[in-house]
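The next block holds one structure in the form of structure tokens; read it before the comments.
The values are calculated or read from the model by the stated rules, or taken from the named source; none is laboratory data. Model, not experiment: these values are computed from the prediction. Here the Cβ positions follow ideal geometry from the backbone for every residue, glycine too, while neighbour counts run over all protein chains shown. For the accessible areas, the whole protein counts, side chains as well, though only heavy atoms, and no ligand, DNA or RNA atoms are used. Shrake-Rupley method; radii C 1.70, N 1.55, O 1.52, S 1.80 Å.
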Amino acid sequence: MATIDGRPAQYGVTLKQLRELMELRGSEGIERLESEFGGILELTKKLYSSPTNGLSGNASDMEHRRQTFGSNVIPPKPPKTFLTLVWEALQDVTLIILQVAAVVSLGLSFYKPPAESKSGPQEGNTEVGQHDEGEEEAGWIEGVAILISVAVVVFVTAFNDYTKEKQFRGLQSRIEGEHKFSVIRGGEVHDIGVGDIVVGDICQIKYGDLLPTDGILIQSNDLKIDESSLTGESDHVKKGADTDPMVLSGTHVMEGSGKMLVTAVGVNSQAGIIFTLLGAAADEEEVEAKKRKKEAKKQRKKQKKGDLGEELIVANPNKQGEGEAAAVTGNSHHATANSANADGDVRNNKHSKEEEEGEEGGPTGGGGHDKSVLQAKLTKLAIQIGYAGSFIAVLTVVILIVRFCVQTFVLEGKPWDTFYANHFVKFFIIGVTVLVVAVPEGLPLAVTLSLAYSVKKMMKDNNLVRHLDACETMGNATAICSDKTGTLTTNRMTVVQSFICSEDHKTTPKFESLPHAVGDLLVNAISINSAYTSRVLPGDNPGDLPKQVGNKTECALLGFVMDLGKSYQVIRDEITEENFHRVYTFNSVRKSMSTVVPRNGGYRIYTKGASEIVMKKCSFIHGKDGRLENLTRSMQERLVREVIEPMACNGLRTISVAYRDFVTGKAEINQVHFDSEPNWDDEDNIINNMTCLCIVGIEDPVRPEVPDAIRKCQRAGITVRMVTGDNINTARSIASKCGILRPGDNSLILEGKEFNRRVRDASGKIQQHLIDKVWPSLRVLARSSPTDKYTLVRGIIESKVSANREVVAVTGDGTNDGPALKIADVGFAMGIAGTDVAKEASDIILTDDNFTSIVKAVMWGRNVYDSIAKFLQFQLTVNVVAVVVAFVGACAINDSPLKAVQMLWVNLIMDTLASLALATEAPTPDLLLRKPYGRTKPLISRTMMKNILGQAMYMICVIFVLLFYGDKLLDIDSGRYADIRDPPSQHFTIIFNTFVMMTLFNEINARKIHGQRNVFQGFFTNPIFYSIWLSTLASQIVIVQFGGVAFSTQALSLELWLWCLLFGCGVLLWGQVVTSIPTKKLPKNVFSYGSGEPINDPIADLASEDKLDSDGKDSKRTGQILWIRGLTRLQTQLRVIRAFKSTLEDLEERRSCHSLHSLRISRSQQGNRPMSDISYIDEDSTKSPSPNSDKRCGPCNATVRLVTSAKESSPTTAETAPLVPPGSPPPGGPAAAATQQLGHHRPHTHANTQNSSS
């Protein structure tokens, strides 16, 4: 018999049996498990695993399991090929128009009309007489040159898309690599990548985990799971080995901990099955939709002669069908995404994409906001430019045609000749070229390049950007709401003070000096009543500090046990997790954790938690020499005043440890006698009348670099607020050390209860005008629940108190920070201490959990914004000049001085190069010396507008002087009024060359946008810039000297070249003159564009119109939209906006073959789902306010207003303040709906989940 790793190769259970088992829930699942497999322990044996030791970890065993049961990855769709991307780039409406025009131009150049010989001489010898046959035959060159230019643009675009996809995939694999999971192999706990988990593994699951596989619980403590991503049910489902042991991939652990046997991975897990179904459904729907479209077209052709009513009847079913397709693909977030390319191109999948976005509520960084700040401004600006460009282009074509017709057919009275069609094609090409030049299609490239460059560099600064737009939004941030633990502090906790048996110890006491009974109780209480995943391990090298693994507060307590000279592991080996009778896990309502263990026929309960909360539940305390004393109310207050507050004022978090005994025999004064099993669900009575063992003070020192980073933020105009679950005194002490509180600045410090009292009206509803009274001066919010954090963040974002509106960044690490991270403009999750849920809700992951990395993110964000502003300043100057010159040329001399191919060179090639040059400037510390722009400040400031118009005036004047008087000034032949078949003239070549020279030198001017005089500062620190600048200059020389007919140029002499360079250099001198004009005197509204957010999102309109008119009929509205979108290259704009919106989860779904866990990222986080009000023990566990906390204690000397609530009441919970904003999407998001649609594949899910919940 074949063996693998010393065991039989045949498992005692098949893949099919496991799949069927995982479709059951609750009692059904337990029945099947018992009857078919003999229980969970037998099933573990059948899979050759062990509940305590797990798998061996042998490579051949792992590989055999992958072959038998599958691996934990979803096979990806192959990435788009380069040719596909080329084809997509060719779909651009403007390029199509140019291609058609070029082909028509080519056709006409080869067409020899028979009438030409007769009409030729009649046209007037002055014009036609100069032609020879060779020049006439060269007419095809312009058409070919346009086609070549288009090809260059297409290849550049496709190459850019291709490299961008590659970058995104690399970034995604980096994010993938971050997701580790705890498994037991060979009796040791290992953190491995989720892709390496196999069937038979024993996984440890804990609060905050995103489950990567399906499994069956072996043991659990107070486990509650959020299954809304699979079932759509928002209630948390209680799980237990005896009640409902089935846990599913893609669900979130909201409370508790446990151990599970992995039974299904990858495509065989429940989420994987749905994923596969959705993928197939989406693909089928796509094919169906295409078929329906074709059929509808045929139908329409047949019925064209029929009346309109009939036509509508035929069109409607098609529309309905497409709506259905859209609905399915909209829900199948993953499948649709798979069929789109990485930058989220909207050209394919138009319906599904937009519908999907509609349902998700916009998956941008800003949670509730559909657009990032820059995105909104760019969209608005693109529309403004689009309208202007379209208008001028149409006007140019109309003027050229009317003027030509009047001149030729009316004034000269010539008859129509087919040869004249050439003129009309040429006018059309000029019109399209004006339009191409009018719209800055280099802008998307600049945005993409700038973001991609920044994202890459930000990785080195410990910022892992998950949503591209977050990078730029951060530059606009005006407020940062930061956690305390781990972000402002080191998150390396140690017990530095303790109060045991009425004695205050400033150092760790010796175990022998403690009363023996109390010492034993204390060591047991800490060792048992901490998550067994929290451990203190020896450092990697001799002399290193011990490594803290797991919860840092618990690690500090375990370190305290080790400092007492005892081993916590010995006690844990004796009392394993399987022996626990009941565990009340930590959450932000309890602010404590309790464990019940059997003892001598009775039970002992150990509790630890926030000192003042545990103290209230104590009736006894061990006094001098371990004597038992009553803990009276007055004694409690004295302890708070004399022990807890002084510790808190030194910035320590305080934790109390207590216990209680339930006995069957005679009970002592602090014990409880019981005859029948206590009601463990009556938590208030169980955890009461306890005996206090000790109070410890845990130090979490402020990171040494944080005070300086906060000073930088304050100098940059960013307000830093601390939001913590800690005691108000601890919070104030740390805030003073960090520099958040400064003497004499009249700051406000509130506790969560007081904050709620101030922001809610009489009926308990949160009111914006009340929040507006609090947040401007609030600096520290202590003892806050996640709900309070959400309320504060949302209140600041929606406030209209400040002129430019606030842009808020938030840091968070716990599962219940999710809603606040989601609604913030930028959410930062902790890479080390953060839970999976927090990371999925965030936009940027801080890989070092350090506040200084946020400051670097601000710097990079401002740099992105400035790079795009620099490019706009440069680009719009070129556009204004080119459009005015082409338009006036058309009106004055019936021709554009800049030919179509020349404009394409200026526009497309130089735009691409300029965007690359200006988008890759490195950030400088100067960026942190100015105030943030805020949400509504215009993208094009008055200074920029002054530069754009000032430089444009200079360039236009130079070009018009050269156009009308250049031939006389430079003593060359005039190129004005040349015929369509004339060779290129030196006159127009000089105009073209001067324009390019001025543009090149203006690129140097554009490096500064805030009115600085020294435009060369830092010029040589950016090699990309000067190498591109020099290569563009070299290309221009080649084009002018050797371009010939293709580029409509004639070689220039050295003298003429020097004139062109002189006019070019004049731009730099003129720039100094423009800088001298005071900006403040310019009117505000006239000189600023792209401000604020568009009220109606034109892109959303586009989508809805596309859906309405999907049958292809040209309604007036669609025509308008196509005009804006097609002709102004809004399509290109859309691609960028979509690239912004493409969250990296989307991208990974499209094509990365990484582990399955990511397939439910978007699902679980779509919309602001209510989450349980649970916070990380690190965040809250140790906190301790006091009844007298409004009194000042010595060490806390900041001059601040401190407000605590007048009366003691329990901390705010999720019940008192809804986490979900009104009108938010239904829980579970699109994926849940999709699951419901495909419910027939999983008949048991709904019913059983509801049963288990109830």
Suppose a student asked you for the relative contact order of region 178-245, using Cα pairs under 8 Å spaced at least 6 residues apart; what percent would you report? 22 percent
What are the semi-axes of the equivalent ellipsoid for region 464-529, taken as the square roots of 5 times the Cα gyration tensor eigenvalues, largest first, in whole Å? 46, 14, 9
Whole-Hz couplings from phi, Karplus 6.51/-1.76/1.60, listed for region 1042-1048; x for Gly and Pro: 10, x, x, 4, 4, 9, 6
Under the Debye formula (equal points on every Cα, no solvent term), log10 I(q)/I(0) of region 415-559 at q = 0.10, 0.11, 0.18 Å⁻¹: -0.69, -0.76, -1.15
Percent relative contact order of region 547-687, based on C-alpha pairs within less than 8 angstrom and at least six residues apart? 17 percent
Once the convex hull of the alpha carbons of region 950-1010 is built, what does its volume come to per residue, in cubic angstrom? 89 Å³
Starting from one equal scatterer on each C-alpha and no solvent at all, send me the Debye-based log10 I(q)/I(0) for region 885-1035 at q = 0.09, 0.14 Å⁻¹, two decimals. -0.38, -0.82
Under 5 Å from the placed amide H of Ile832, counting only residues 5+ away or on other chains, we find Asp849
So for Glu577, Glu637, Glu165, what's the accessible-area order with a 1.4 Å probe, most first? Glu637, Glu577, Glu165
Work out, step by step, the length gained on full extension between Ser173 and Glu578: first 0.36 nm times the residue separation, then minus their alpha carbon distance; give nm to one decimal. 142.1 nm
Using modelled amide H (1.01 Å from N, peptide plane; none on Pro or chain starts), what sits under 5 Å from the amide H of Leu693, excluding residues fewer than 5 places away? Val657, Ala658, Tyr659
Counting only heavy atoms of protein chains, what accessible area per residue, in Å², does region 925-1035 have with a probe of 1.4 Å? 41 Å²
Over all Cα pairs of region 48-93, the Kirkwood radius sets Rh, and Rg/Rh then becomes 1.45
Note to self: C-alpha centroids of region 708-731 and region 881-956 sit apart, in Å, by 40 Å
How large, in percent, is the carbon and sulfur part of the accessible surface of region 496-637 at a probe radius of 1.4 Å? 52 percent
Can you tell me the convex hull volume per residue for region 844-895, based on C-alpha atoms, in Å³ to the nearest whole number? 66 Å³
Which value, to two decimals, describes the C-alpha radius of gyration of region 704-799 once divided by 2.2 N^0.38 Å? 1.09
Amide H neighbours of Thr494 under 5 Å, counting only residues 5+ apart in sequence or on other chains, H built in-plane at 1.01 Å? Glu699
Quick check of the Kirkwood formula: for region 763-832, what is the inverse mean of 1/r over all pairs of different Cα atoms, in Å? 12.8 Å
P(r) over all Cα-Cα pairs of region 185-274, 10 Å bins from 0 to the longest distance, whole percent per bin, short to long, reads 18, 54, 26, 2
I need the phi-derived Karplus couplings for region 826-840: 6.51 cos²θ - 1.76 cosθ + 1.60, θ = phi - 60°, integer Hz, Gly and Pro marked x. 9, x, 9, 9, 7, x, 9, 8, x, 7, 4, 4, 4, 5, 5
Phi-derived 3J(HN,Hα) across region 550-567 with the Karplus relation (6.51, -1.76, 1.60, θ = phi - 60°), rounded Hz, x for Gly and Pro, is x, 6, 5, 5, 5, 4, 4, 5, 5, x, 4, 4, 5, 5, 6, x, 10, 10
What is the extension gain from Leu1082 to Lys298, computed as 0.36 nm multiplied by their sequence separation minus the C-alpha to C-alpha distance, in nm to one decimal? 276.3 nm
Which distance in nm do the two modelled labels at Glu28 and Asp761 give, with both placed 7 Å along the Cα-to-Cβ direction? 4.7 nm
For region 13-95, state the semi-axes of the equivalent ellipsoid (square roots of 5 times the eigenvalues of the alpha-carbon gyration tensor), sorted largest first and rounded to whole angstrom. 45, 19, 9
